[in-house]
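The values are calculated or read from the model by the stated rules, or taken from the named source; none is laboratory data. Bear in mind that the values here come from a model prediction, so they are computed numbers and not experimental data. Cβ atoms come from the backbone with ideal geometry, glycine included; neighbour counts cover every protein chain shown.
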Amino acid sequence: MKKQLGLVLSFLLLIGSQYGYAQNDAKALLNKISQKYNGYKTIQAGFTLDIRQANGGTHSDVGTLYLDKANNKYHVNTKNQILISDSKTQWNIMKAEKEVEISEASNSTNEINPTNIFSFYTSGFKYALARAEKAKGTSLSVVELTPVDSKKNYSKIKLRINKANNLIYDTTIFDKSGNRYTYTLNAQEGNKNIASSFFTFNKNNYAGFDIVDLR
């Protein structure tokens, strides 16, 4: 009996030590990614959004993100929508509806948004290194993130990183209703010169649009 108990304890210690190594490895990897993106003042990246709903439905969209990291400004352009923020005000431009909604910008670090999409993983999560994967011939490291705050509307985030350059390949958010949202990044360019006017709204470019101020 004592021998069996000793084997069980040894097994539990082994599992615990492996989990510790997984956490340490994941933290080291996330630090590398953070260091990479911290070297960029601006970022331009193409992206694809794929949504898998719990009921089996799917939806996809493509777009481009322009980010002024230092000043919390962004410009996101998709097929149906444009989001612009100068860090104080956000303009939500809905192309088909020909409507612009104006609201106060949210720079909260408690939610994933365009200003922190390259750095959200640095706090508020437990993390572990998962089995490496491949996508379209690209070797990927995988980190699984679990929010410390159980009140979040998502249960897990899967972050896949390109092993060759330590850039984020894609991010999958698992919400508690069973939906999955995958953002795949491509053609990422750091420190690209982006005009400051790109992060402000020019109503002359949207003649005929209804403007709704929600502030």
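Of note:
- Single match in Ser139, Ser155 (criterion: touching a residue at least 12 places away in the same chain (Cβ under 8 Å), of a type in the set (Ser, Thr, Tyr), closer than 23 Å to Gly46 by Cβ and not in a loop (DSSP other than H, G, I, E, B)): Ser139
- Residue check, Ser196 more than 15 Å from the chain's Cα centre (by Cα), under 19 Å from Asn71 (Cβ atoms) and modelled with pLDDT under 90: no
- Condition check for Ala96: over 30 Å from Ala207 (Cα atoms) and either part of a strand (DSSP E or B) or more than 14 Å from the chain's Cα centre (by Cα) (or both): no
- Hits in region 166-206 - residues which are assigned to a loop (DSSP other than H, G, I, E, B) and in contact (Cβ under 8 Å) with a residue 40 or more places away in the chain: Asn166, Leu167, Ser177, Gly178, Asn179, Asn191, Lys192, Asn193, Ile194, Thr200, Phe201
- Some residue of region 68-86 being surrounded by 15 or more Cβ atoms within 10 Å (Cβ to Cβ), more than 19 Å from the chain's Cα centre (by Cα) and of a type outside the set (Asp, Glu): no
- Restricting region 99-117 to residues that are in a strand (DSSP E or B) and β-branched (Val, Ile, Thr), the residue that is surrounded by the most Cβ atoms within 10 Å (Cβ to Cβ): Val100
- Condition met for Ser60 (modelled with pLDDT of 90 or more and closer than 27 Å to Phe125 by Cβ): yes
- The numbered conditions (1) farther than 19 Å from Phe47 by Cβ; (2) over 15 Å from the mean Cα position of the chain (by Cα); (3) in contact (Cβ under 8 Å) with a residue 24 or more places away in the chain are all true for Thr122 except (2).
- Qualifying residue in region 118-135 (condition: of a type in the set (Val, Ile, Thr) and in a strand (DSSP E or B)): no
- Among residues of region 1-53, those that are outside any helix (DSSP H, G or I) and modelled with pLDDT under 90, counted: 1
- Looking only at residues of region 35-67 that are among the charged types (D, E, K, R) and within 16 Å of the chain's Cα centre (by Cα), we find that the one that is surrounded by the fewest Cβ atoms within 10 Å (Cβ to Cβ) is Asp61.
- Filter result (in contact (Cβ under 8 Å) with a residue 24 or more places away in the chain and among the basic types (Lys, Arg)) within region 87-105: Lys98
- Some residue of region 207-214 being under 21 Å from Ser34 (Cα atoms), assigned to a loop (DSSP other than H, G, I, E, B), touching a residue at least 60 places away in the same chain (Cβ under 8 Å) and aromatic (Phe, Trp, Tyr): no
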